Amino acid sequence: METALAKTPQTRQVIFLAILLFWWEAGSEAIRYSMPEETDSGYLVANLAKDLGLRVGELAPRGARIHYKGNKELLQLDVKTGNLLLYEKLDREDLCGVTEPCLLHFQLLLENPMQFFQVDVQLTDVNDHSPAFLEKEMLLKIPESAQPRTPFPLKTAQDLDIGSNTVQNYTISPNFNFHVVTHNRGDGRKYPELVLDRALDREEQPELSLLLTALDGGAPPRSGTTTVRIEVVDINDNAPEFLQSLYEVQVPENSPLSSLVVTVSARDLDAGTYGSVSYALFQSDDTSQPFVIDEVTGEVRLRRALDFEVTPYYNMEIVATDGGGFSGKCTVAIEVLDVNDNVPEMTMSKLTSSIPENSPETVVAIFSVSDLDSGDNGRILCSIQNDLPFLLKPTFKNFYTLVTERPLDRESTSQYNITIMVSDMGTPRLQTEHSISVQVSDVNDNAPAFTHTSYTLRVRENNGPGLHIGSVSATDRDAGTNAQLTYSLLPPPEPHLALASLVAIDADSGQLFALRPLDYEALQALEFRVGAADRGSPALSSQALVRLLVLDANDNSPFVLYPMQNASAPCTELLPRAAEPGYLLTKVVAVDGDSGQNAWLSYQLLKATEPGLFSVWPHNGEVRTARPLSERDAPKHRLLVLVRDNGEPPLSASVTLHVLLVDGFSQPYLPLPEAAAEQGRGDALTLHLVVALASVSSLFLLCVLVFVAVRLCRRSRAASLSGCAVPEGHFPGHLVDVRGEGTLSHSYQYEVCLKRGSGTNEFKFLKPILPNRSPQDSGEEIAENALFRNSFGLH
């Protein structure tokens, strides 16, 4: 299994080997303090900050704390003063047992930056336990043939204290037959032997009762007693002897109950009951002794489960006693072999449940691992999932730090579930897992983004105030207040454009509203920018372009440019009687302020003095003769022409034309039909008419000369037209949009020259020009038509 794990590239593992951390202890010695056990809580152990060379003021900001295995709180650190205080009374016997010296290992943890300090506290023993014998009474069977100075082993007293506070001496109550000698074992413990001073006489005294006292070396010394009852038996001159004085055995800690541990054997040269040997544990404690011996066979078997982590070694003394009371003794040293029966443990010292995104090398957790087993069974391997942006770093001894490997992105992953796997290297491997959940908190690192870079909105002119004309929308990948958006209108690049008086935007929803009615003829399109800003700190924003197109409505009636309707006298057109059918009499010129089909104009002869004599072309307003003239036709005619646009509903205007039939242009021109009617009233006015006709002829010639001069002036300086404007353009289709400058036919365009502010009497000339214009010239007509409209003072 270990080989398979080593060959798996997808799993990153950090192996904790306790033996590899000895370099830390070699490089920096631990601070060691000493204190007696059973000291009251609150005892000042030392000023830890002073001993470590730390400033007291930096302990609290750096999160200083004392760590002990299992998170037991035995000591506490006052971060204000740096004093190391005792949290509760400490019992050396409970914490260390017979281990000497009794060292408690603590770690001082500091953050920002991360530091570890080793602190060892040695508990010194005080004499708080009295020696105690396991049995209230000892029974010795001594043959009467025993010789003086024969030693008889006695059971030892138990004292939980160590050193000089444990048992130091044994005494026996005063008597004439025995005295007690105290001997030292190889491990430093003392045991008593009862030495015969004078031979026993069973017939004189078959039984003796003595008081054995055990004294420790404390000040004052403590003591414990037991009764030694001696039975004097008949002569037995051979004591049992074991084949080995020392038996060494290794037993796995997971050995089943009743399994055979070792078999001891002793022999006695005597015969009969004196040569019969029985075995027993010399010092038996049923509550703590996990072994039992068969008194006949000498087989030592397991009666209770072993635990290497609690007791790794056992030393037993086995006594073999014959029927005569003689006994022999041997020692059995049992070594408990460790098996992998402890799951690794993990202690979490610090855990951060939420970390901000875009923060590299952030500490998420600090924890320690331990395993009560030894050897490979206690070697620990730590790992996390391979596909996470986190790293496990070994820091101090068995401590690990879980940090971020790279900056995190909350918008990609907002939460991580991390499983820390801790396994040992034993066979079979044991493993424990600890799962933590880490939330990634949001940082305002995403600017709002509009759904479109530009929006095109359309609204029909003459809209109502406050009309909802459309919406813009933006999104923000952040969360919380960082994703709450506020919409606004950005200042236009043209400072003269009062955008705030035309359009408004709802700051929360992004809905756009028209604040007042819009006029297509004044404003056909509007471009402005809107912004979206989040509420993060600092706030991020973006912008989008909005094109607002004003749609035309048919709200302008056609306007007749020629003939002028506001003149002081009506305009009269002269028609020669010799005109052929189709003769161009005049042209009605009209414009419409609307656009599109709302500006497509059509002309219609609504009323005429002679209905069949004249016709009006519907597309260009040309008035032509429909048939030849005759002598019977009236000399004066009145035509009513209707100009209508193509809107819905259509709007119209009308114009009245006065036509005077003449034999030729040399015939006197009478501008008013009413004045011509007065010729028939009498011959008395003939002279006056001749004078008037001569005056009119002279005036006509003068006007022709002025017109020719104006034409020459306009051709030499096209930029300044001297009061004359030339409407030009090609109008394809049935009805052609001229953006308010009127319509012309495919075959004719006319040059109209009117002085600015003039009346009908100053109309000088009307003739076709540029009869053939290609459709490709339509692009130039747009600019020229605007010039035409301005020449008539129309805006």
For the range 619-642, what are the residues that are free of Cβ contacts under 8 Å to residues at least 60 places away in the same chain, assigned to a loop (DSSP other than H, G, I, E, B), open to solvent by 60 Å² or more (accessible area, probe 1.4 Å) and touching a Leu at 6+ places or on another chain (Cβ under 9 Å)? 627, 635
Could you tell me whether any residue of the range 444-452 is within 30 Å of residue 487 (Cα to Cα), among the hydrophobic types (A, V, I, L, M, F, W, C) and surrounded by fewer than 17 Cβ atoms within 10 Å (Cβ to Cβ)? yes
Those strands (runs of 3 or more DSSP E) completely within the range 117-199 that have 1 or more residues that are over 30 Å from residue 219 (Cβ atoms) are 137-143, 151-153, 190-196
Mind counting the residues in the range 643-659 that are over 14 Å from residue 623 (Cα atoms), open to solvent by 10 Å² or more (accessible area, probe 1.4 Å) and in contact with a Ser or Thr (Cβ under 8 Å, 6 or more places away or on another chain)? 5
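Out of 605, 575, I need the residue that is crowded, with 17+ Cβ neighbours inside 10 Å, of a type outside the set (Gly, Ala, Ser) and either without any contact (Cβ under 8 Å) to a residue 40 or more places away in the chain or not in a strand (DSSP E or B) (or both). Which one?
605
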Do we find a residue being closer than 30 Å to residue 476 by Cβ and surrounded by 17 or more Cβ atoms within 10 Å (Cβ to Cβ) anywhere in the range 424-435? no
Considering residues that are in contact (Cβ under 8 Å) with a residue 12 or more places away in the chain, surrounded by fewer than 17 Cβ atoms within 10 Å (Cβ to Cβ) and closer than 21 Å to residue 444 by Cα, the number found within the range 406-421 is 7
Among 218, 186, the single one that is farther than 25 Å from residue 269 by Cβ and either open to solvent by less than 90 Å² (accessible area, probe 1.4 Å) or among the β-branched types (Val, Ile, Thr) (or both) is 218
Can you tell me which residue is modelled with the highest pLDDT among those in the range 463-480 that are out of contact with any strand residue (DSSP E or B) (no Cβ under 6 Å at 6 or more places or on another chain) and surrounded by 14 or more Cβ atoms within 10 Å (Cβ to Cβ)? 473
Evaluate the following for residue 279: is it over 24 Å from residue 133 (Cα atoms), in contact with a strand residue (DSSP E or B) (Cβ under 8 Å, 6 or more places away or on another chain) and in a strand (DSSP E or B)? no
Output the residues belonging to the range 481-492 that are outside any loop (DSSP other than H, G, I, E, B) and either open to solvent by 50 Å² or more (accessible area, probe 1.4 Å) or over 10 Å from residue 536 (Cβ atoms) (or both). 481, 485, 486, 487, 488, 489
Considering only the range 208-264, state which residues are closer than 28 Å to residue 299 by Cβ, aliphatic (A, V, I, L, M) and assigned to a loop (DSSP other than H, G, I, E, B). 239, 243, 257, 264
Within the range 144-161, is even one residue within 24 Å of residue 98 (Cα to Cα) and β-branched (Val, Ile, Thr)? yes
So if I check each of 55, 92, 12, 62, which one is open to solvent by 30 Å² or more (accessible area, probe 1.4 Å), of a type in the set (Lys, Arg) and at pLDDT 80 or above? 55
So, residue 402, is that one within 30 Å of residue 347 (Cα to Cα), of a type in the set (A, V, I, L, M, F, W, C) and outside any strand (DSSP E or B) or not? no
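Table: residues versus (1) within 15 Å of residue 258 (Cα to Cα); (2) acidic (Asp, Glu).
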residue: 269; (1), (2): no, no
residue: 278; (1), (2): no, no
residue: 282; (1), (2): no, no
residue: 294; (1), (2): yes, yes
residue: 299; (1), (2): yes, yes
residue: 303; (1), (2): yes, no
residue: 308; (1), (2): no, no
residue: 312; (1), (2): no, no
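The values are calculated or read from the model by the stated rules, or taken from the named source; none is laboratory data. Just so it is clear, the structure is predicted and the values come from calculations on it, not from any experiment. Note: ideal-geometry Cβ built from the backbone for every residue, glycine included; neighbour counts use all protein chains shown. Areas reflect the complete protein model, heavy atoms only, side chains present, ligands, DNA and RNA absent. Shrake-Rupley method; radii C 1.70, N 1.55, O 1.52, S 1.80 Å.
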